[in-house]
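Notes follow the structure.
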């Protein structure tokens, strides 16, 4: 079943944080290595995407508990799955990048299909997570040389293309370009996906989710929520939304802007509130669901879930809440957005 066939009927629930769940396992360097990596010269601990290869049992279990909690869509364990991000661990080679993304998609696919077989009335879907990378095409990392760029558009596009190809080969249902803090990076990812669509003659749904970094209401590269929307609308995405950086309450005004300005479906997966002084998230599932209730009452979203600090308990609270509401109705935008 295609996700596009049910999104008008009910609000879909995205899963919660992968990193938060992985931290619960207290993993060591050994968990990030297998026979092929036993003599790898770089430290690998912290390369969570690699666990899809070295500890697939953990990733499978995390997907399962999120589906048990009521999630409709699981994100693959590939937030840092590009060669650009994997270079930090000495794993930028095409074979490793492809393997990490393909195996991540395959694991999520198997778990989703198992849950769909058990509960055909609630089909489960897989979204291929495509993160922002640790380089930015719009900003200089050198304050003394504002014109310098650490990455080119072509390098980004090529890295994203390999990642997206592997995710599609692993049978994801959607592609999720998420946590966009630099829209030029996102444009490289979207361009790569458009190339794949043409080459393969396919049209997978593409979700695009930006991140508002602080109370200024702008992305890191300086765009407002509306400007971000305008910048990605040319590819006719399945959905446009926001995630990360802020809690549900702080994210709401920017989500309202996007919802009121677009005819696309709208998604949101905020953090579990704002981090405390230790970088931890204290917002309870009930508190977060209470804030997301405001989204639902105003009809702002079609897809909702959780980002940093969220757990299966948060997703369970959200999944129970959405049963009481109808999904957002597409806006017929008259003004040029």
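Among what's in the stretch 107-118 and is more than 19 Å from residue 206 (Cβ to Cβ) and out of contact with any helix residue (DSSP H, G or I) (no Cβ under 9 Å at 6 or more places or on another chain), pick the residue that is surrounded by the most Cβ atoms within 10 Å (Cβ to Cβ). Please lay out each step first, then the result.
Filtering the stretch 107-118 down to residues more than 19 Å from residue 206 (Cβ to Cβ) leaves 107, 110-111, 113-118.
With out of contact with any helix residue (DSSP H, G or I) (no Cβ under 9 Å at 6 or more places or on another chain) added as a condition, the list becomes 113, 116-118.
Details: 113: 14, 116: 16, 117: 10, 118: 10.
Going through the qualifying residues, I end up with 116.
When the stretch 75-95 is limited to residues that are touching a residue at least 60 places away in the same chain (Cβ under 8 Å) and in contact with a strand residue (DSSP E or B) (Cβ under 9 Å, 6 or more places away or on another chain), the one that is farthest from residue 62 (Cα to Cα) turns out to be 82.
Tell me whether the stretch 248-260 contains one or more residues that are buried (at least 23 other Cβ atoms within 10 Å of the Cβ), in contact with a strand residue (DSSP E or B) (Cβ under 6 Å, 6 or more places away or on another chain) and outside any helix (DSSP H, G or I). Checked the stretch 248-260: no residue is buried (at least 23 other Cβ atoms within 10 Å of the Cβ), in contact with a strand residue (DSSP E or B) (Cβ under 6 Å, 6 or more places away or on another chain) and outside any helix (DSSP H, G or I). Under 17 Å from residue 330 (Cα atoms), modelled with pLDDT of 95 or more and touching a strand residue (DSSP E or B) at 6+ places or on another chain (Cβ under 6 Å): is that true of residue 232 in this structure? Spelling it out, it is not the case that residue 232 is under 17 Å from residue 330 (Cα atoms), modelled with pLDDT of 95 or more and touching a strand residue (DSSP E or B) at 6+ places or on another chain (Cβ under 6 Å).
Within the stretch 96-112, which residues are touching a strand residue (DSSP E or B) at 6+ places or on another chain (Cβ under 9 Å) and under 14 Å from residue 74 (Cβ atoms)? Within the stretch 96-112, 104, 105, 108, 109, 111, 112 meet the criteria. If I ask for residues that are over 20 Å from residue 265 (Cβ atoms) and in contact (Cβ under 8 Å) with a residue 60 or more places away in the chain, which ones from the stretch 193-221 would you list? Selection gives 220, 221.
Annotation: residue 88 fulfils all but one of (1) within 26 Å of residue 210 (Cβ to Cβ); (2) part of a helix (DSSP H, G or I); (3) under 19 Å from the mean Cα position of the chain (by Cα); the unmet one is (3). For the stretch 290-305, what are the residues that are surrounded by fewer than 21 Cβ atoms within 10 Å (Cβ to Cβ) and assigned to a helix (DSSP H, G or I)? Across the stretch 290-305, the qualifying residues are 290, 291, 293, 294, 296, 297.
Can you tell me which residue among 92, 74, 83, 17 is within 27 Å of residue 321 (Cα to Cα) and in contact with a helix residue (DSSP H, G or I) (Cβ under 6 Å, 6 or more places away or on another chain)? It would help to see each step written out before you state the result.
On the way: 92 fails: within 27 Å of residue 321 (Cα to Cα); 83 fails: within 27 Å of residue 321 (Cα to Cα); 17 fails: in contact with a helix residue (DSSP H, G or I) (Cβ under 6 Å, 6 or more places away or on another chain).
The match here is 74.
Got a number for residues in the stretch 28-57 being more than 23 Å from the chain's Cα centre (by Cα) and surrounded by 17 or more Cβ atoms within 10 Å (Cβ to Cβ)? Can you show your working first?
Applying the first criterion (more than 23 Å from the chain's Cα centre (by Cα)) to the stretch 28-57 yields 28-31, 33-43.
Next, only the ones that are surrounded by 17 or more Cβ atoms within 10 Å (Cβ to Cβ) stay: 31, 33, 37.
Total meeting the criteria: 3.
When residue 134 is tested against (1) farther than 25 Å from residue 68 by Cβ; (2) surrounded by 23 or more Cβ atoms within 10 Å (Cβ to Cβ), just one condition goes unmet, and that condition is (2). For the stretch 165-172, state whether one or more residues are out of contact with any strand residue (DSSP E or B) (no Cβ under 8 Å at 6 or more places or on another chain), within 26 Å of residue 1 (Cα to Cα) and surrounded by fewer than 19 Cβ atoms within 10 Å (Cβ to Cβ). Within the stretch 165-172, one or more residues are out of contact with any strand residue (DSSP E or B) (no Cβ under 8 Å at 6 or more places or on another chain), within 26 Å of residue 1 (Cα to Cα) and surrounded by fewer than 19 Cβ atoms within 10 Å (Cβ to Cβ).
In this structure, does residue 185 turn out to be in a helix (DSSP H, G or I) and more than 17 Å from the chain's Cα centre (by Cα)? Give the steps one after another, and end with the answer.
On the way: in a helix (DSSP H, G or I): yes; more than 17 Å from the chain's Cα centre (by Cα): no.
No, not satisfied.
The values are calculated or read from the model by the stated rules, or taken from the named source; none is laboratory data. Fair warning: this is a prediction, and the values are worked out from it, not measured in the lab. All Cβ positions, glycine included, derive from the backbone under ideal geometry; neighbour counts span all protein chains shown.
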